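To start, the structure under review is shown below, and the notes come after it.
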Amino acid sequence: MKTTGKVYLVGAGPGDPGLLTVRALELLKQADVVVYDRLVSPQILDLIPAGVMRTSVGKASGRHSVPQDQINQLLVDLCIGDANAAREVVRLKGGDPFVFGRGSEEALYLSDHGVPFEVVPGVTAAAACSAYAGVPLTHRGLSHGVRFVTGHFLENKRLKLDWRALADPDSTIVVYMGLSSLERICTALLNQGMDPATSAVAIQDGTTSRQRRVFGDLTTLPGRVKNSRLKAPVLVVIGRTVSLAGRLDWFVLNKEQIDHEMAGASNF
Ligand SMILES: C[S@@+](CC[C@H](N)C(=O)[O-])C[C@H]1O[C@@H](n2cnc3c(N)ncnc32)[C@H](O)[C@@H]1O
């Protein structure tokens with residue numbers, strides 16, 4: 001079998017099309033096929049020229065997502081074969097392909113099958129959603145480091161995180177996929193002696209016009225998030241820098257919404 005194509009593993013950022021890189025936009029315009037995830041925003045999909053083949057491999061209302069091994073094989077099949085095989089395949093992923101995006105698994109599979117690929121980094125949710133929420137990830141005197149962790153866990157299995165190291169008051173913790181395990185995460189940090197008054201925020205649909213934020217601290221955030229009925233995608237940021245959001249709120253959606261969000265905050 002002959003390889004006739006190349007795969008571009010492209011990060012689309014967390015939602016706002018303005019955060020797409022110049023390289024990503026260039027590739028979307030010249031692609032033969034775009035294979036995209038659920039987290040890629042409709043505004044970004046609108047940038048794909050008409051006539052370009054699009055394949056969704058993410059969960060759509062009520063339907064299951066395509067299993068990872070099938071996605072891997074699809075990418076290979078699109079590139080290997082006769083002259084009709086697609087040449088430029090854009091594998092478009094939310095955020096950055098190499099941050100909790102399984103982009104490296106796809107790249108390894110392509111590499112093992114002799115398919116050329118290129119990685120185009122995207123703005124990861126931690127950087128973008130926190131900035132749009134008015135939360136710096138680090139700030140002199142408040143936080144000198146940041147940790148990205150996943151809150152995703154398999155049924156009946158414990159989250160294998162180094163809670164002692166995470167409970168560092170001088171660092172910021174960013175939790176991806178942490179909505180359903182939020183209570184466990186906060187409890188684990190409290191058990192390691194972290195200050196219960198540590199500020200925290202849950203950000204839904206960050207960087208988009210649907211963005212919602214729920215503020216609190218390690219003791220109040222889980223209950224507030226539950227009451228607010230936040231839905232995925234949600235990013236959680238924990239640490240002292242969250243307390244700056246009240247002063248750094250540049251992405252103002254509407255005054256009423258901000259007032260509502262701030263009413264739930266204990267640290268402003
Ligand atoms: C499978 S991970 C993909 C992360 C992605 N590769 C990145 O670099 O941002 C999905 C998680 O990213 C976070 N996420 C991505 N986009 C988001 C958004 N617009 N608002 C809030 N959280 C987001 C959520 O925690 C979501 O559950």
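The table below gives the values:
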{"read-out": "Candidate set: the range 178-200, residues that are surrounded by fewer than 18 Cβ atoms within 10 Å (Cβ to Cβ) and aliphatic (A, V, I, L, M); chosen: the one farthest from the ligand (Cβ to nearest atom)", "value": "Ala197"}
{"read-out": "Members of the range 113-138 found to be within 14 Å of the ligand (Cβ to nearest atom), within 17 Å of Asp16 (Cβ to Cβ) and either in a loop (DSSP other than H, G, I, E, B) or touching a Cys at 6+ places or on another chain (Cβ under 9 Å) (or both), listed by number", "value": "Pro121, Gly122, Val123, Thr124, Ala133, Val135"}
{"read-out": "Tabulated pairs, the range 113-134, first more than 18 Å from Tyr176 (Cα to Cα), second within 9 Å of the ligand (Cβ to nearest atom) and outside any helix (DSSP H, G or I), C-beta under 9 angstrom, 6+ apart or interchain", "value": "Val119/Gly11; Val119/Pro97; Val119/Phe98; Val120/Gly11; Val120/Pro97"}
{"read-out": "Filtered residue count, the range 200-226, keeping only those that are charged (D, E, K, R) and in contact with a Leu (Cβ under 6 Å, 6 or more places away or on another chain)", "value": "0"}
{"read-out": "Extreme residue, surrounded by the fewest Cβ atoms within 10 Å (Cβ to Cβ), among residues of the range 213-268 that are in contact with a Lys or Arg (Cβ under 6 Å, 6 or more places away or on another chain) and modelled with pLDDT of 95 or more", "value": "Gly216"}
{"read-out": "Lone qualifier among Phe153, Phe117 - being among the aromatic types (Phe, Trp, Tyr), assigned by TED's automatic domain parsing to the domain that holds Gly11 and surrounded by fewer than 22 Cβ atoms within 10 Å (Cβ to Cβ)", "value": "Phe117"}
{"read-out": "Thr187 vs. criteria of a type in the set (Val, Ile, Thr) and either touching an Asp or Glu at 6+ places or on another chain (Cβ under 6 Å) or in the same structural domain as Gln43 (by TED's automatic domain parsing) (or both)", "value": "no"}
{"read-out": "Boolean, Phe148 is farther than 19 Å from Leu248 by Cα, surrounded by fewer than 20 Cβ atoms within 10 Å (Cβ to Cβ), in contact with a strand residue (DSSP E or B) (Cβ under 6 Å, 6 or more places away or on another chain) and not assigned by TED's automatic domain parsing to the domain that holds Arg229", "value": "no"}
{"read-out": "Hey, Val175 part of a loop (DSSP other than H, G, I, E, B), crowded, with 19+ Cβ neighbours inside 10 Å and within 16 Å of the ligand (Cβ to nearest atom) or not", "value": "no"}
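Yes or no, residue by residue, for (1) out of contact with any strand residue (DSSP E or B) (no Cβ under 6 Å at 6 or more places or on another chain); (2) among the basic types (Lys, Arg); (3) more than 22 Å from Arg210 (Cα to Cα):
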residue	(1), (2), (3)
Lys6	yes, yes, yes
Val22	yes, no, yes
Val40	no, no, no
Asp69	yes, no, yes
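The values are calculated or read from the model by the stated rules, or taken from the named source; none is laboratory data. Treat the numbers as computed from the prediction; the structure is a model and nothing was measured. So basically every Cβ, Gly included, is an ideal-geometry build from the backbone, and we count neighbours across all protein chains shown.
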